[in-house]
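The values are calculated or read from the model by the stated rules, or taken from the named source; none is laboratory data. The shown structure was predicted, so the numbers you read here are calculated from the model rather than taken from an experiment. Because the Cβ atoms are built from the backbone with ideal geometry, glycine has one as well, and the counts that use them run over all protein chains shown. All accessible areas refer to the heavy atoms of the entire protein, side chains included, with ligands and DNA or RNA removed. Shrake-Rupley method; radii C 1.70, N 1.55, O 1.52, S 1.80 Å.
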Amino acid sequence: MPNHTQNFVRIETNTNVQEETLALQELKTDLRIKEDMFDFNGIIPMPKELEKGATLGLDVETGERIEHKDYVLDNGVYKPKSPLTRKRLMVEYGCDNWYDFSRLHWGTKWNAYEFELIQDEEHVLFVSFLTAWDSPRGIAERINAYCNQHHLWLCWTAEHEDDNGIEQIA
């Protein structure tokens, strides 16, 4: 079982001007806040051909391992069997499977889970969610850049389950 990191993200407009408000609304849409989630794919989308490997593995009803003709289990992660496909994926995305993509680009193993919407108003978004092992630093960097570009205020704090305590991410 992974160590969980509790993330607290607060984003606000600085001056409440229309451009800032629209930028915040766009960010909420990209993150799928209205769908009761904080989806990293809205910031750094996982390519569909990598995402597929995450859904392979066990039959939900029987619990038995399912083999897939185009994928092979390699160090606990499903990767394409074809060496040419794997090489192409490495060139295009820097990795050939969902696990390496999420660690490389998001900075954590899985997407956000146990999402809680604390405050959602026209000029404020405040949420919390869990991530495995660490905060999604790649996502935080992109959101921070977006906030700087659109003059939004961002405060991202992480509370680590292990001995690392509380950390200011952005």
Fill in: Hits in the stretch 118-152 - residues which are assigned to a strand (DSSP E or B) and either crowded, with 16+ Cβ neighbours inside 10 Å or among the hydroxyl-bearing types (Ser, Thr, Tyr) (or both)
LEU125, PHE126, VAL127, SER128, PHE129, LEU130, THR131, ALA132, LEU152
Practice prompt. Give the residue that is nearest to GLU167 (Cα to Cα), with candidates limited to residues of the stretch 100-117 that are surrounded by 19 or more Cβ atoms within 10 Å (Cβ to Cβ) and aromatic (Phe, Trp, Tyr).
Written response: TRP106
Discussion item. So, in the stretch 69-87, how many residues would count as being under 17 Å from LYS48 (Cβ atoms) and within 23 Å of the chain's Cα centre (by Cα)?
Written reply: 5
Discussion item. What pairs come out if I take residues in the stretch 100-117 that are under 12 Å from ARG137 (Cα atoms) and part of a helix (DSSP H, G or I) and pair them with residues that are of a type in the set (D, E, K, R) and open to solvent by 40 Å² or more (accessible area, probe 1.4 Å) whose C-beta lies under 9 Å away, six or more apart or interchain?
Written reply: SER102/LYS109; ARG103/LYS109; TRP106/ARG137
Worksheet item: How many residues does the stretch 3-28 hold that are surrounded by fewer than 14 Cβ atoms within 10 Å (Cβ to Cβ), modelled with pLDDT under 95 and within 20 Å of the chain's Cα centre (by Cα)?
Response: 1
Worksheet item: Counting only residues that are open to solvent by 60 Å² or more (accessible area, probe 1.4 Å) and free of Cβ contacts under 8 Å to residues at least 24 places away in the same chain, how many does the stretch 65-99 have?
Response: 15
Item to complete: Enumerate the pairs (first residue in the stretch 4-20 and of a type in the set (Lys, Arg); second residue anywhere and surrounded by fewer than 19 Cβ atoms within 10 Å (Cβ to Cβ) and modelled with pLDDT of 95 or more) with beta-carbon separation below 7 Å, excluding pairs fewer than 6 apart on the same chain, so at least 6 apart or on different chains.
Response: ARG10/PHE126; ARG10/CYS155
Worksheet item: Among (1) touching a residue at least 60 places away in the same chain (Cβ under 8 Å); (2) farther than 14 Å from LEU117 by Cβ; (3) part of a helix (DSSP H, G or I), where does LYS28 come up short?
Response: (2)
